[in-house]
Amino acid sequence: MNDLGHSGLMIPTRDRLILTLGVIAGGAILLALVHGLASGAVARSSIHNLWLSVHLIAVLPALPLGAYVLVRRKGDALHRALGKLWAVLMLVAALSSFGLRGLTGSLSPIHLLSLLVLVMIPRGVLLARAHRIEAHRRVMSLTYLGLAVAGLFTLLPGRLLGTWLFS
Ligand code: HEM
């Protein structure tokens, strides 16, 4: 394998597409926050819910942090440190989501994504420890895709960030 392959500086097309979605989701969420703050929609909404605060504190930094880990050099000490931080944020995002039941009043289909993340993150970490790097990369990229898609879906009308964006 060549040096680029070892250091992971080459970004596969699949990861480029996933990153593009992450950037679009991040930009749109930022726009929703700014618009919601300006229109007063943020102040009017129930963000004082503890689980929602924990959820947002985990997912909002996870979006840029995960993108950075995906694009930067792989395998060094910083990759491992930032990767662990991202893994913890994703676990907190998934666990806190079980305290959120606003859409249906009960568990919703989105909670299946939470279960998937709770399986994928430990699997991704174990694969890295076993030096199964390609499988580790695939699992983590797909989990990041789940984060980006979940973020985009929060912008639908009727959901909290959608209300901020479109109010
Ligand atoms: C940038 C990414 C994300 C953002 C901004 C976000 C934001 C939110 C917000 C604002 C809510 C509550 C209000 C609403 O329904 O709109 C929510 C609920 C929820 N989120 Fe997230 N989230 C993100 C990623 C994730 C991820 C990665 C998961 C799974 C691991 C997840 C799972 C859930 C679940 C299960 C709910 C509860 C839905 C219900 O009420 O039934 N979210 N999210």
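The values are calculated or read from the model by the stated rules, or taken from the named source; none is laboratory data. The structure displayed is predicted, hence computed values, not measured ones. Glycine also receives a Cβ, built like all others from the backbone with ideal geometry; neighbour counts cover every protein chain displayed. Surface accessibility is based on the protein's heavy atoms, side chains included, excluding ligands, DNA and RNA. Shrake-Rupley method; radii C 1.70, N 1.55, O 1.52, S 1.80 Å.
With the structure loaded, tell me whether residue 112 is at pLDDT 95 or above, over 14 Å from the mean Cα position of the chain (by Cα) and farther than 16 Å from residue 140 by Cβ or whether it fails that test. For residue 112, the condition - at pLDDT 95 or above, over 14 Å from the mean Cα position of the chain (by Cα) and farther than 16 Å from residue 140 by Cβ - is met.
Is it fair to say residue 59 is under 13 Å from residue 147 (Cα atoms) and either open to solvent by 60 Å² or more (accessible area, probe 1.4 Å) or within 11 Å of the ligand (Cβ to nearest atom) (or both)?
For residue 59, the condition - under 13 Å from residue 147 (Cα atoms) and either open to solvent by 60 Å² or more (accessible area, probe 1.4 Å) or within 11 Å of the ligand (Cβ to nearest atom) (or both) - is met.
If you go through region 63-121 and pick out every residue that is crowded, with 16+ Cβ neighbours inside 10 Å, of a type outside the set (A, V, I, L, M) and more than 11 Å from the ligand (Cβ to nearest atom), you end up with 4.
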